[in-house]
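The numbers here are math on the coordinates, done by the rules we state, and not lab data. Quick caveat, the model's predicted, so the values are computed rather than measured. Neighbour counts are summed over all protein chains in view; Cβ atoms, including those assigned to glycine, are modelled from backbone coordinates with ideal geometry.
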Amino acid sequence: AEDTGVRVELAEEDDGKKSSIALKLWVEDPKKLKGKYKESGAIEFTFDLEKEVPEVVAQEMVESGFFHESDAKTVGKSIRDRVALIKWRRERTVSAAA
Amino acid sequence: SPSAQVVHSAGRRFIVSPVPEARLKEQ
């Protein structure tokens, strides 16, 4: 995954079954952001791996004042990368069990 | 640790807390 300067991690153990999972996002390198960034710590949120779209969550974070509009794409990509990794690990676990 | 909540109009809850300590040490 590209280093966007925005870190997204699991905020809870992934049991491999739940479709909704808690994620935690924070900025590691504010210089990589285009917009003015006010340090606001780690943002924890729930994401439905099956139904939701990372870019929508990023837009909600912009609308909630965490990020500038010009960084919506960067935040969305960071969430998308982590979601892809979670899904890949789940598929790998399932195929290993099969 | 202090944390704050922001609820987006679409209903999603954002819980803000300090960046995890361990990560800060890594930086």
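Debye calculation, C-alpha points only, no solvent: report log10 I(q)/I(0) for the protein assembly as shown at q = 0.11, 0.14 Å⁻¹, in the same order as the q values.
-0.37, -0.60
Relative to the Cα centre, what is the charge dipole magnitude of the stretch A:1-73, using +1 at the beta carbon of each Lys and Arg, -1 at the beta carbon of each Asp and Glu, and rounding to the nearest 20 debye?
Approximately 340 debye in magnitude.
For a test of the definition: using alpha carbon positions, the gyration tensor, and the 1.5 limit on a/c, classify the stretch A:1-44 as rounded, prolate or oblate.
Details: a/c = 3.54, a/b = 2.17, b/c = 1.63.
Because a/c hits 1.5 or more and a/b exceeds b/c, the stretch A:1-44 counts as prolate.
Write down the Å³ per residue value for the convex hull defined by the alpha carbon atoms of the stretch A:35-98.
Looking at the stretch A:35-98, the number lands at 86 Å³ per residue.
Short version: ³J(HN,Hα) in whole Hz for each residue of the stretch A:62-78, in order, from phi by Karplus 6.51 cos²θ - 1.76 cosθ + 1.60 (θ = phi - 60°), x for Gly and Pro, what are they?
With the stated coefficients, the stretch A:62-78 comes to 5, 5, 8, x, 7, 9, 7, 3, 5, 9, 4, 5, 4, 5, x, 5, 5 Hz.
Assigning unit charges at the beta carbon (Lys, Arg +1; Asp, Glu -1) and nothing else, what dipole magnitude in debye, to the nearest 20, does the protein assembly as shown show about its Cα centre?
On the way: 22 positive and 23 negative charges, 26 e Å.
Dipole size: approximately 120 debye.
Under 5 Å between amide H atoms, partner at least 5 residues away or on a different chain: which partners does A:Glu52 have, H built in plane at 1.01 Å?
Result for A:Glu52 returns nothing.
A:Glu28's amide H: which non-local residues (gap 5+, or another chain) put their own amide H closer than 5 Å, with H modeled 1.01 Å from N in plane and none for Pro or chain starts?
It is A:Val6, A:Arg7, by chain and number.
Using helices alone, what [θ] at 222 nm do you get for chain A, with -39,500 (n - 2.57) per DSSP H run of 4 or more residues, divided over all residues and rounded to the nearest 500?
Numbers: 2 runs with 36 residues, N = 98.
Computed mean residue ellipticity for chain A: -12500 deg cm²/dmol.
If the only charges are +1 at each Lys and Arg Cβ and -1 at each Asp and Glu Cβ, what is the size of the charge dipole of the stretch A:50-98 around the Cα centre, to the nearest 20 debye?
440 debye
Could you give the length gained on full extension between A:Lys36 and A:Leu10, defined as 0.36 nm per residue of separation minus the Cα-Cα distance, in nm?
Result: 6.7 nm gained on full extension.
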